[in-house]
1. Among residues belonging to segment 249-276 that are among the hydroxyl-bearing types (Ser, Thr, Tyr) and buried (at least 16 other Cβ atoms within 10 Å of the Cβ), point out the one that is farthest from the chain's Cα centre (by Cα).
2. Being over 27 Å from Gly92 (Cα atoms) and within 23 Å of the chain's Cα centre (by Cα): is that true of Ala209 here?
3. Quick one: which strands (runs of 3 or more DSSP E) lie wholly within segment 78-178 and hold at least 1 residues that are of a type in the set (S, T, N, Q) and crowded, with 19+ Cβ neighbours inside 10 Å?
4. Output the residues belonging to segment 46-70 that are within 23 Å of Ser142 (Cα to Cα) and part of a loop (DSSP other than H, G, I, E, B).
5. If I filter segment 166-173 for residues that are touching a strand residue (DSSP E or B) at 6+ places or on another chain (Cβ under 9 Å) and within 21 Å of Val47 (Cα to Cα), do I get at least one hit?
6. Looking at segment 225-237 only, could you name the residues that are within 14 Å of Leu175 (Cβ to Cβ) and surrounded by fewer than 19 Cβ atoms within 10 Å (Cβ to Cβ)?
7. Report yes if some residue within segment 141-150 is in contact with a Cys (Cβ under 8 Å, 6 or more places away or on another chain) and either closer than 27 Å to Gly58 by Cβ or hydroxyl-bearing (Ser, Thr, Tyr) (or both); otherwise report no.
8. Which numbered condition trips up Leu227, out of (1) over 28 Å from Val141 (Cα atoms); (2) part of a strand (DSSP E or B)?
Amino acid sequence: MEAHRNAAGHGGKDRMGFDALREAARQTYGADAAGYREGRPDYPPRVYEVLRSTCGLGPGSRVLEIGPGSGLVTEHLVAAGATVVAVEPDQGFAEYLGQTMPEVQVVGAPFDEAEVGDGFDAVVAATSFHWLDQSTALRKVSATLRPGGWAAIWWTVFSDPYREDPLLAAARAVLGFEPGNQRDGTAFQLDRDARCEDLRRDAGLVDVASELISWDLPMNADQVRALFNSMMTVRQLPEAQRRHVLETLTGLVNERFAGIATRPHVTALYVGRKVG
């Protein structure tokens with residue numbers, strides 16, 4: 001799920017607005033789980049390397065995944081030989097996961113309400129943790145981990161704010177605005193000092209580390225269309241405007257970028273270990 005303000009630290013009207021946004025997201029993304037899966041690119045190999053080399057992902061490991069969505073990361077966890085419990089509040093996604101990955105235990109509930117037990121070797125969350133109250137969620141992460149277990153939380157920003165995105169620049173010139181909301185509002189995900197401090201303070205983790213992984217993704221017109229069509233800000237546009245945005249993007253890819261637009265991405269990865 002794309003970047004939005006996290007729930008932590010918001011009160012009154014701000015908190016009410018966030019809760020409404022989160023509820024809307026839980027009814028928007030999973031309504032087309034297969035389309036969401038088609039539109040979202042995988043994470044860079046470095047993420048899975050850290051899961052294996054640092055967090056101990058491998059045959060027999062017990063992994064709790066928070067907000068698996070359509071199961072992009074879940075497939076990697078299962079392929080590594082892990083036993084996976086996936087906590088997914090979006091009922092559309094939960095049903096999709098149950099149908100496509102019957103070997104995974106899917107808990108269809110918000111993480112703060114889910115009964116998942118404890119003793120997990122790893123807890124992971126891929127581009128989902130910003131939807132949670134950080135202090136509450138991180139305390140629960142710690143409670144579910146076994147002593148010595150690892151937490152890994154990461155986000156991909158689909159347009160690296162530190163580098164120019166030629167496709168978005170071209171789209172902005174044509175549309176008068178920048179479609180999607182990937183570069184705006186990403187300070188939370190990319191604030192390495194604050195997110196590391198959260199892991200230490202709220203989850204009580206040690207050996208906390210962070211990494212920004214910059215990578216480029218060549219995308220054809222169909223891939224660009226599927227990605228932007230999976231974003232809530234685009235999907236909630238009036239139908240005619242949504243089609244105009246998507247057709248503008250695909251037209252730019254074909255006409256100005258010779259069929260392939262190479263777009264800058266960045267993934268922010270945070271890990272920490274429970275004392276034991």
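1. So, considering only residues that are among the hydroxyl-bearing types (Ser, Thr, Tyr) and buried (at least 16 other Cβ atoms within 10 Å of the Cβ), the one farthest from the chain's Cα centre (by Cα) is Thr250.
2. Judged against the criteria, Ala209 is a match.
3. Strands (runs of 3 or more DSSP E) meeting the threshold: 145-157.
4. Answer for segment 46-70, where residues must be within 23 Å of Ser142 (Cα to Cα) and part of a loop (DSSP other than H, G, I, E, B): Thr54, Cys55, Gly56, Leu57, Gly58, Pro59, Gly60, Ser61, Gly67, Pro68, Gly69.
5. No, segment 166-173 contains no residue that is touching a strand residue (DSSP E or B) at 6+ places or on another chain (Cβ under 9 Å) and within 21 Å of Val47 (Cα to Cα).
6. Of everything in segment 225-237, those that are within 14 Å of Leu175 (Cβ to Cβ) and surrounded by fewer than 19 Cβ atoms within 10 Å (Cβ to Cβ) turn out to be Thr233, Leu237.
7. yes
8. (2)
The values are calculated or read from the model by the stated rules, or taken from the named source; none is laboratory data. Only a predicted model underlies this, so the values are computations on that prediction, with no experimental measurement involved. All Cβ positions, glycine included, derive from the backbone under ideal geometry; neighbour counts span all protein chains shown.
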